[in-house]
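Student: Sharing a structure with you now.
The values are calculated or read from the model by the stated rules, or taken from the named source; none is laboratory data. This is a predicted model, so every value here is computed, not measured. Note that we place each Cβ from the backbone using ideal geometry, even for glycine, and neighbour counts take in every protein chain shown. Keep in mind that these areas ignore ligands, DNA and RNA; they rest on the heavy atoms of the full protein, side chains included. Shrake-Rupley method; radii C 1.70, N 1.55, O 1.52, S 1.80 Å.
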Amino acid sequence: MTILEDPAEDVDVLLDRRRAATGPRRSWASTEPFVTHPRESLPSYDASHWGSVAGHYVRQALAVDACIAGLVVAVVASFTAAAVGWSAVVALAFLVLVAIGHGYDRKSLGDGPVEFQAVLRAGVGSAAVVALGSVAFAVPLPRVQVAVTVVLLTLGTAVGRHALRRSLHGRRSRGVAMSRTLVVGDATSVHHLIHDLRGATYHGYQVIGVCLPSITDQPPQDGVPTLGALADIPQVAYDHQVDVVIVSGSELSGDALRRLSWALGRAGVDLVVAPGLVEVLGPRVHLRPTAGLSLLEVETTSPRRRLLAKSTLDRTLGAAILLAVSPVILVAALAVRLNSKGAPFFHQRRIGVDGREFTMWKLRSMYTDAEERRAALLGSSDRDGLMFKMHDDPRITPVGRLLRRYSVDELPQLWNVVRGDMSLVGPRPPLPQEVDEYHDAVYRRLRVRPGLTGLWQVSGRADLSWDESIRLDLRYVDNWSVAMDLMILWKTGRAVFGGSGAY
C-alpha cells in the first residue's frame, strides 16, 4: 500500500497509486494486517526517540535509587554500626517494592505520578515488611534506626527521581526522547488533541502525522501531514515506525477499535484512546466492568474522606507554616508601616465557598487611597476579563512591589486558612463585584474553598489570560485531590522564588 509522504501531494495522484496497488486493503483482523517491508528499506529515524532511550532511562533510575540506598545505609551506619544490617535489609526491601510497584516501568517513568506513588508505597511497605519479619522471627527491632532509614530512603529517592525527571523534561522540550505518535479521528478532535500535546511536551508525544476518516477530508491545519485514512492506520504505523497511536473523537469505537488494537499489537505499537472527557482527570475516572463492557464512571461528588483529608492538611500545615513565617510577617509589616502612612495590614471582603463572604487579610502593598484611584485606572488593565492587573500600577508602594514579587503580602491569609475561610490550594477568592459578572460556568469556581495558591498561580500567575485562568481553576475544582494539592504547593515554592508572573 502506498502512503502519502508529501502533505501537499495531489489527492488524485494518491488515489491512482492505490488503484494500481495489488489487491484490496488487508483487514485489521487478518493474520498480517499490513504489508511488511525489509527493515533496511524503511525510513531511518533519529535513534534518540523514546523507544531507543527508554531502557537507558530505566537503568539510570535504578542506579539513582541504588546509590541513594547505599548512601542512606552508610549514613545510618556512621551513627550506629549495630543497625547497619537492619538498614541494609530495609534498603533491599525498598528497592524490591519499588520494582513491584511499577517504579521501573518504562511506560510510567518520566510521565505521571506512578513512579512517585511507587516510591511512597515502597517506603511504607518496607517498614511493614521489616516489622513483620521482626515479629515473626522474634528479633528485637531498632525502631529509631529503621524509621530514619525509611524516611531518608523515601525522601532521597523522591528527590533523585525528581532531578532525573527534570533532566528528561528538558530533553523533551528540545524534541529529544519523544514517542513517535500518530493521531487518528475526525479533523476537529485531532486538531484539539494536537494542540494539547504540543502544549505539554514533557509527556513525550511527538505527533508525526494524522489519519482522518477519508484522505479527502480537510486536514486539521496544524502543520502535520495527513498520512492516510482510518483504514490505513496499521500500515501507516508500520511504515513510519510509530510508537503510539492515539484515537480521538467517535469515528473509531466498539468492534472497530478492538480490531485496530489487534492489528497494532502485531505491529508492536501502543494504542491510546482519548475518551473525550474534557478536563476530567484520573482521580474522578474509574473503570467499571459491567455486562462484558468496560464502562467509565465519572465521580460527580467528592468523597467525605477526601474532604476530611484536605481540611486536616489545611489546618495543620497552615498553622505550622503560619508559625514558621510569623517573623517574616512582622518584619514585612514594620517595613510597610515605615514606607508609607496607614495600617500595615489590609482587609477586604471576598467571596468564599458556596458564595459565603469572609474577610481576607493581606499585608498592605498599596497606598491607602488605592481603592479610590482604582476606577480611574480600569481602562489601563493589562489583563482581559474581570481581573484588574497592571504591570506598573502607580498605587503600589516601593516596599509593596517587593512584597508582591515574592508573594509575601499574601502570608497573612494563612490565618484565613487556619480559620477555615480558605484552603492552602484552590481558586483565588474573588471580589463581590467580580462574582456579579460571572456567567454560568465560572460559578463552578465557588464549589470549593478559595486558596492561597492554585493551578493558575503555578502555571504563569498574572501572565495568563482570564480564560486560561478560569480553565485552570475549573480543572482544579473538578479534579482536586490531596496529592494534587501537595504537587501545587511544591510548584508554588518554585514559582514564588522565581518571581515570574507576579506584579
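Student: Taking the stated definitions as given, is Asp382 assigned to a helix (DSSP H, G or I) and modelled with pLDDT under 95?
Tutor: Working: assigned to a helix (DSSP H, G or I): no; modelled with pLDDT under 95: yes.
In short, no.
Student: In the stretch 98-150, what residues are open to solvent by less than 50 Å² (accessible area, probe 1.4 Å), of a type in the set (Asp, Glu) and not in a helix (DSSP H, G or I)?
Tutor: Across the stretch 98-150, the qualifying residue is only Asp111.
Student: Also, quick follow-up: Only one of (1) over 29 Å from the mean Cα position of the chain (by Cα); (2) modelled with pLDDT under 90 fails for Leu109. Which number is that?
Tutor: With respect to (1) over 29 Å from the mean Cα position of the chain (by Cα); (2) modelled with pLDDT under 90, Leu109 is out only on (1).
Student: If I ask for residues that are part of a loop (DSSP other than H, G, I, E, B), under 28 Å from Ala375 (Cβ atoms) and polar (S, T, N, Q), which ones from the stretch 415-471 would you list?
Tutor: Gln457, Ser465
Student: Here's a follow-up. Return the total of residues in the stretch 187-220 being surrounded by fewer than 22 Cβ atoms within 10 Å (Cβ to Cβ) and more than 27 Å from the chain's Cα centre (by Cα).
Tutor: Number of matching residues: 7.
Student: Only one of Ala237, Ala274 is closer than 28 Å to Leu168 by Cβ and either more than 23 Å from the chain's Cα centre (by Cα) or open to solvent by 70 Å² or more (accessible area, probe 1.4 Å) (or both). Can you tell me which? Spell out the reasoning first.
Tutor: On the way: Ala274 fails: either more than 23 Å from the chain's Cα centre (by Cα) or open to solvent by 70 Å² or more (accessible area, probe 1.4 Å) (or both).
Going through Ala237, Ala274 in turn, just one is closer than 28 Å to Leu168 by Cβ and either more than 23 Å from the chain's Cα centre (by Cα) or open to solvent by 70 Å² or more (accessible area, probe 1.4 Å) (or both): Ala237.
Student: Inside the stretch 311-326, can you point out the residues that are farther than 22 Å from Val408 by Cβ and loosely packed, with under 15 Cβ neighbours inside 10 Å?
Tutor: Ser311, Thr312, Thr316
Student: Being in contact with an Asp or Glu (Cβ under 9 Å, 6 or more places away or on another chain), open to solvent by 20 Å² or more (accessible area, probe 1.4 Å) and either free of Cβ contacts under 8 Å to residues at least 12 places away in the same chain or under 18 Å from Gln457 (Cα atoms) (or both) is the filter here; which residues of the stretch 425-443 pass it?
Tutor: Arg428 - this is the single residue of the stretch 425-443 that is in contact with an Asp or Glu (Cβ under 9 Å, 6 or more places away or on another chain), open to solvent by 20 Å² or more (accessible area, probe 1.4 Å) and either free of Cβ contacts under 8 Å to residues at least 12 places away in the same chain or under 18 Å from Gln457 (Cα atoms) (or both).
Student: Taking the stated definitions as given, is Leu155 assigned to a helix (DSSP H, G or I) and of a type in the set (A, V, I, L, M)? Give the steps one after another, and end with the answer.
Tutor: On the way: assigned to a helix (DSSP H, G or I): yes; of a type in the set (A, V, I, L, M): yes.
Yes: the conditions hold for Leu155.
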